[in-house]
Each structure stands twice: as structure tokens, then as C-alpha cells.
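Visitor: Mind having a look at this structure? Questions to follow.
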Amino acid sequence: MNEEIDLTGDGGVIKTIIRHAKADADAPTTDNPIVDVHYEGVLAETGEVFDTTHEDNTVFSFEIGKGSVIKSWDIALRTMKVGEMAKITCKPEYAYGSAGSPPDIPPDATLIFEVELVACRPRKSSNLGSASEERARLEELKKQREIAAATKEEEKKKREEAKAAAAARIQAKLGSKKVQGKGKGKAK
């Protein structure tokens with residue numbers, strides 16, 4: 001089982017690595033504070049998905065340490081490397097607290113996120129080259145996600161075909177046993 005890491009020392013933010021990054025992978029730094037993530041958030045109490053980037057195959061970008069996301073994300077993403085996927089369990093005081101975030105997140109909700117750090121990069125500069133580079137980078141990320149989604153869909157299709165073939169074989173065996181059993185009665 002994967003090790004749970006208490007990032008805050010009080011059980012408020014627990015990280016469980018699902019997939020490790022390569023050893024030489026980039027990590028967020030003061031020079032590369034902008035992160036791109038792919039995620040799905042669920043309510044711990046019900047397991048209900050309240051937000052995801054999986055449906056529209058997008059990434060969510062933000063700058064670490066600016067308070068633009070819940071506290072647990074600022075804490076957890078600082079510890080991740082590009083390519084890493086982790087489950088982040090966030091107690092209410094590190095998420096939306098007693099106010100919640102209606103209508104999707106009730107007050108005092110513990111949240112569980114599956115987060116993949118897709119990229120980290122420097123703040124945008126104002127030159128035109130960086131804008132076109134950013135577009136190209138986002139286009140490449142979109143292509144990678146589409147390839148991954150297509151591969152996943154193809155694997156699902158193959159599993160379904162294998163299940164159908166196995167069911168057909170079982171049905172054929174059952175059918176042949178019924179036919180064999182019909183002629184075994186005593187003759188008059």
C-alpha cells in the first residue's frame with residue numbers, strides 16, 4: 001500500500017503518491033511557480049465528484065503561494081514533481097472550512113483530490129515569443145491528453161470485446177450441453 005504523508009503535521013493535508021515522477025523531473029520553485037494540474041475532486045463523506053478536469057480534458061493553472069487556491073493545494077503541490085500523481089486528502093480547515101463552497105461543497109467538508117502535476121513553469125513575460133510558446137505548450141498538452149484519452153477508450157473497448165467473446169463461448173458451451181442431453185432418454 002502507498003505511504004500516507006502528513007504534510008501539515010496535524011493530519012490536515014495527507015498526500016498519498018499514486019504514481020511517482022521520474023527522479024530528474026521538475027518541481028515547482030520560486031523561478032517556476034506556475035503549475036498546470038489535471039485533477040478530480042470528491043467529497044470524502046459521499047464520494048460524489050464535485051469538480052474535474054477529466055470531462056473536458058483540460059488543465060487547471062495557478063501560481064503556488066498566491067492564495068488563489070485552497071490552502072491544501074498550495075501545500076501539496078509544492079511537494080510534487082512533474083509527472084507525479086497523488087491523492088490529497090484535505091480537512092475542512094485546509095479547504096473551504098465552515099463556509100463550504102455552495103452549492104457543490106457543504107460546510108466542514110473533507111475533500112479528496114486526485115491530482116497530477118502536468119507542468120511547472122515561470123511567470124509569463126510580456127514578449128510575443130512567450131505567448132506563442134505558451135500556445136504551443138498548451139496545444140501539446142491537449143494533444144497528449146487526447147492521445148491518453150483515446151488509448152484509455154481503446155483499452156476499454158478491448159476489455160468489453162474480450163468480455164463479450166468470453167460470454168459467447170460460455171453460452172455456446174451451455175447450448176451444446178443442452179443439445180447433447182436431449183437424446184439420452186430411454187427408447188420405447
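The values are calculated or read from the model by the stated rules, or taken from the named source; none is laboratory data. Just so we're clear, the structure is a prediction, and the values are computed from it rather than from any experiment. Cβ coordinates were reconstructed from backbone atoms using ideal geometry, including for glycine residues, and neighbour counts include every protein chain displayed. Remember, those area values only see protein heavy atoms, side chains included, never the ligands or the DNA or RNA. Shrake-Rupley method; radii C 1.70, N 1.55, O 1.52, S 1.80 Å.
Visitor: So what's the angle, to the nearest 10 degrees on a 0 to 90 scale, between helix 128-182 and the longest Cα principal axis of the chain?
Guide: 20
Visitor: Can you give the relative contact order of the chain as a percent, counting alpha carbon pairs under 8 Å and 6+ residues apart?
Guide: So the answer I get is 23 percent.
Visitor: Let me ask something additional. Consider the candidate values (i) 112; (ii) 494; (iii) 210; state which one is volume of the Cα convex hull per residue in Å³ computed from the structure displayed.
Guide: Recomputing volume of the Cα convex hull per residue in Å³ here gives the entry labelled (iii).
Visitor: Does the range 87-157 come out rounded, prolate or oblate, given a ≥ b ≥ c as the square roots of the eigenvalues of its C-alpha gyration tensor, rounded meaning a/c under 1.5 and, failing that, prolate meaning a/b above b/c?
Guide: Because a/c hits 1.5 or more and a/b fails to exceed b/c, the range 87-157 counts as oblate.
Visitor: Another question, then. So which GluC sites (Glu not before Pro) in the range 43-75 pass both tests, a DSSP loop state and at most 14 other Cβ atoms within 10 Å of the Cβ?
Guide: Loop-located and lightly packed - Glu45, Glu48, Glu55.
Visitor: Quick one: net charge around Ser98, please, counting Lys, Arg +1 and Asp, Glu -1 for every other residue with C-beta under 13 Å from its C-beta.
Guide: Result for the local shell: -1.
Visitor: Compute, for the chain, the length of the dipole vector about the Cα centre, with Cβ point charges of +1 (Lys, Arg) and -1 (Asp, Glu) only. Units Debye, rounded to 20.
Guide: Magnitude of the dipole: close to 2240 debye.
Visitor: Using helices alone, I'd like the mean residue ellipticity at 222 nm for the chain: each DSSP H run of four-plus residues gives -39500 (n - 2.57), total over residue count, nearest 500.
Guide: It lands at -12000 deg cm²/dmol.
Visitor: Can you pull the percent of the range 133-174's accessible area that's carbon plus sulfur, 1.4 Å probe, other chains left in place?
Guide: Carbon-and-sulfur percentage of accessible area, whole number: 57.
Visitor: Oh, and also: Can you give the extra length, in nm with one decimal, that the chain gains between Ala136 and Ala44 once fully stretched, where that is 0.36 nm per residue apart less the Cα-Cα distance?
Guide: That works out to 29.4 nm of additional length.
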